[in-house]
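The values are calculated or read from the model by the stated rules, or taken from the named source; none is laboratory data. Quantities reported herein were computed from a predicted structural model and do not represent experimental measurements. Cβ placement follows ideal geometry from the backbone for every residue including glycine, while neighbour counts extend to all protein chains displayed. All accessible areas refer to the heavy atoms of the entire protein, side chains included, with ligands and DNA or RNA removed. Shrake-Rupley method; radii C 1.70, N 1.55, O 1.52, S 1.80 Å.
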Amino acid sequence: MFKRQTLIVWLTLVAITVMPFSALAQTQIKYHSNKYSVQDDIKLGRQAAQEAESQFPLLRDETVRSYVEGVGHRLVSSIPSEFQHPEFQYYFKVVNARDINAFALPGGPMYVNRGMIEAARTEGEMAGVMAHEISHVALRHGTAQATKGQKYSILGGIAGIAGTILGGPGVGQLAQAPFGVYLLKFSREYETEADILGAQIMARAGYDPRDLANMFQTIERQGGGGGGFLSDHPSASDRYARINREAQSLQVNNAAYRDSRDFARIQERLRGYGSAPSMADIARSGQRYPQGEQTGNVPNNLPTGRVSYPSNRYQNVSIFNGGVNLSVPSNWRQINEGNSVWFVPEGAYGQYNGQAVYTHGASFGVAQTNSRNLQSGTQELINNFAQGNNNLRTSGGYQRSSLDGRNALVATLTNVNEATNRPEIIRLITTQLRNGQLFYMVAVTPQNERGFETAFDQILRSIRIND
Ligand SMILES: [Zn+2]
């Protein structure tokens, strides 16, 4: 067994012996000529980020976002010093879209699609895509390309996108590109550079650079992605080979212990949201937040109470890890709160005294009750709701109903909303799961507001329980 001191000496010797060879073999990358200033990159990126965020639905999940940010910052701090720009502000956001994609903007803003995180087999594969994007930014490819007089300027309203992992949509696709955001297609040379620097950054950050190459296979296995992924140049197989060749000259720096369960947990969390919309879906719907999968933190303000009528269009959503499928109006968004899931229109939710409050919408939950009898279990649930809520009253008894072919009970309750002080009507529908737990839906609206009944009925009819 080594003594600690001996081990360190031994490791140092190995490092000294191996390093010169690595240093020689590693591909040297240089900046291209660029007539723009670093400040121009920052300014362009900032404008583009604003535009992008007005069009892309961001996933409002702090756990996922901060996880991605953690990986991003590890990569950014591993950019070789000659390509570091202290002025750049790298930040990372997750777009709630199914397409396997990611893009970065000059100066540092970066957007990672949820589909990319879900498709990656390991954290390393996800990091590979991000390292490639970060490399475009660090090498200032957007403004370098503009210097050459190539297409960079405003395409569909957005200036200077630094690129996507495998290039943006091909020319033929531009006409039908889902967004005003048309991603810049880089030259073969720039893509190769971003792959090589990306591999170098990976190794410095403690990731196996071959994971970047593996991501191409993962994408291929998943049938490719939107945006002309695999038809782009250089071909995926050329890039795979080139990255692996570079990897042979790289030493993975101080391969940090990574808990692969972290990545698995994030993927699991994303799967809980059901399937994300595609970019094309988002564009068709013409809405910024078109999907119920869009989940959010509850904003720190009172609900405005100004709420649109439920859309006549419905979207399928899956909750409780696929245990329940249902449809909700397409203009409602999903908010996961503790053990329950809300679907609410804009303006109908907020915070009051540090508590989330809702004025319109439907929520779903599963409760463990002492009684296995539907009616007494439901009563327990109501008693539970009434705790700490002096205004909640039962109005009339229970009505028998059915939910996905099961016996169900409907109870009508009245309440005074603590945030708005308006009287409200709450309908509670319960049924039993096979394991004896109670599944429930709560539908809430202000007392004098009409126009939501049809939506609630439609939601109720759409519920399918897989227990
Ligand atoms: Zn690229």
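Just a yes or no: is a residue in the stretch 448-459 at pLDDT 85 or above and of a type in the set (Phe, Trp, Tyr)?
yes
Please indicate, with yes or no, whether at least one residue in the stretch 179-193 is at pLDDT 90 or above and over 24 Å from the mean Cα position of the chain (by Cα). Explain how you work it out, then say what you get.
Kept after step one, since they are at pLDDT 90 or above, are these residues of the stretch 179-193: 192-193.
After this cut, where a residue has to be over 24 Å from the mean Cα position of the chain (by Cα) as well, the list is 192-193.
Within the stretch 179-193, one or more residues are at pLDDT 90 or above and over 24 Å from the mean Cα position of the chain (by Cα).
In the stretch 379-404, what count of residues is obtained for those that are open to solvent by less than 70 Å² (accessible area, probe 1.4 Å), over 15 Å from Asp457 (Cα atoms), part of a strand (DSSP E or B) and among the polar types (S, T, N, Q)?
1
Here are the criteria: (1) open to solvent by 10 Å² or more (accessible area, probe 1.4 Å); (2) at pLDDT below 80; (3) in a helix (DSSP H, G or I). Tell me which single one Ile282 does not satisfy.
It is condition (1) that Ile282 fails.
Quick check on the stretch 405-428. Is at least one of its residues farther than 30 Å from Asn321 by Cβ, in a strand (DSSP E or B), open to solvent by 40 Å² or more (accessible area, probe 1.4 Å) and at pLDDT below 85?
No, the stretch 405-428 contains no residue that is farther than 30 Å from Asn321 by Cβ, in a strand (DSSP E or B), open to solvent by 40 Å² or more (accessible area, probe 1.4 Å) and at pLDDT below 85.
Quick check on my filter: what residues within the stretch 429-449 are over 26 Å from Asn373 (Cβ atoms) and assigned to a loop (DSSP other than H, G, I, E, B)?
If the condition is that a residue be over 26 Å from Asn373 (Cβ atoms) and assigned to a loop (DSSP other than H, G, I, E, B), then Gln447, Asn448, Glu449 are the ones that fit.
Which pairs have Cβ atoms under 9 Å, sit 6 or more apart or on different chains, and link a residue in the stretch 340-351 that is open to solvent by 10 Å² or more (accessible area, probe 1.4 Å) to one that is among the basic types (Lys, Arg)?
Cβ pairs passing all conditions: Trp342/Arg333; Glu346/Arg306; Glu346/Arg333; Gly347/Arg306; Tyr349/Arg333.
Arg400: modelled with pLDDT of 85 or more, among the charged types (D, E, K, R) and touching a strand residue (DSSP E or B) at 6+ places or on another chain (Cβ under 8 Å), yes or no? Can you show your working first?
Values: modelled with pLDDT of 85 or more: yes; among the charged types (D, E, K, R): yes; touching a strand residue (DSSP E or B) at 6+ places or on another chain (Cβ under 8 Å): yes.
Against the criterion (modelled with pLDDT of 85 or more, among the charged types (D, E, K, R) and touching a strand residue (DSSP E or B) at 6+ places or on another chain (Cβ under 8 Å)), Arg400 qualifies.
Which residues, taken from the stretch 131-143, are at pLDDT 90 or above and either of a type in the set (S, T, N, Q) or more than 9 Å from the ligand (Cβ to nearest atom) (or both)?
Listed by number, the residues that qualify are Ala131, Ile134, Ser135, Val137, Ala138, Leu139, Arg140.
Tell me, please, whether a residue that is within 11 Å of the ligand (Cβ to nearest atom) and modelled with pLDDT of 65 or more can be found in the stretch 117-130. First the steps, then the outcome.
Kept after step one, since they are within 11 Å of the ligand (Cβ to nearest atom), are these residues of the stretch 117-130: 129.
Of the ones still in play, those that are also modelled with pLDDT of 65 or more are 129.
Within the stretch 117-130, one or more residues are within 11 Å of the ligand (Cβ to nearest atom) and modelled with pLDDT of 65 or more.
Just name the residue that is most open to solvent (accessible area, probe 1.4 Å) out of those in the stretch 364-378 that are part of a loop (DSSP other than H, G, I, E, B) and free of Cβ contacts under 8 Å to residues at least 12 places away in the same chain. Let's see the steps before the verdict.
Going through the stretch 364-378, the residues part of a loop (DSSP other than H, G, I, E, B) turn out to be 368-373.
Next, only the ones that are free of Cβ contacts under 8 Å to residues at least 12 places away in the same chain stay: 370-371, 373.
Details: Asn370: 147, Ser371: 25, Asn373: 84 Å².
Result: Asn370.
If you scan the stretch 450-467, which residues turn out to be of a type in the set (Val, Ile, Thr), in a helix (DSSP H, G or I) and open to solvent by 10 Å² or more (accessible area, probe 1.4 Å)?
Let us first name the residues in the stretch 450-467 that are of a type in the set (Val, Ile, Thr), namely 454, 459, 463, 465.
Applying the additional criterion that residues be in a helix (DSSP H, G or I) yields 454, 459.
Result: Thr454, single match.
Do you know which residues across the stretch 85-116 are of a type in the set (A, V, I, L, M) and modelled with pLDDT under 90?
First pass over the stretch 85-116, keeping only residues of a type in the set (A, V, I, L, M): 94-95, 97, 100, 102, 104-105, 110, 112, 116.
Residues satisfying the conditions are Ala97, Ile100, Ala102, Ala104, Leu105.
Report whether or not Gln447 is farther than 20 Å from Ser327 by Cα and open to solvent by 50 Å² or more (accessible area, probe 1.4 Å).
Values: farther than 20 Å from Ser327 by Cα: yes; open to solvent by 50 Å² or more (accessible area, probe 1.4 Å): yes.
So Gln447 passes the test.
Hey, among Asn96, Asn113, Asn101, which residue is within 16 Å of the ligand (Cβ to nearest atom) and either of a type in the set (Ser, Thr, Tyr) or farther than 26 Å from Ile29 by Cβ (or both)? Spell out how you get there, then give the answer.
Numbers: Asn96 fails: within 16 Å of the ligand (Cβ to nearest atom); Asn101 fails: either of a type in the set (Ser, Thr, Tyr) or farther than 26 Å from Ile29 by Cβ (or both).
Unique residue meeting the criteria: Asn113.
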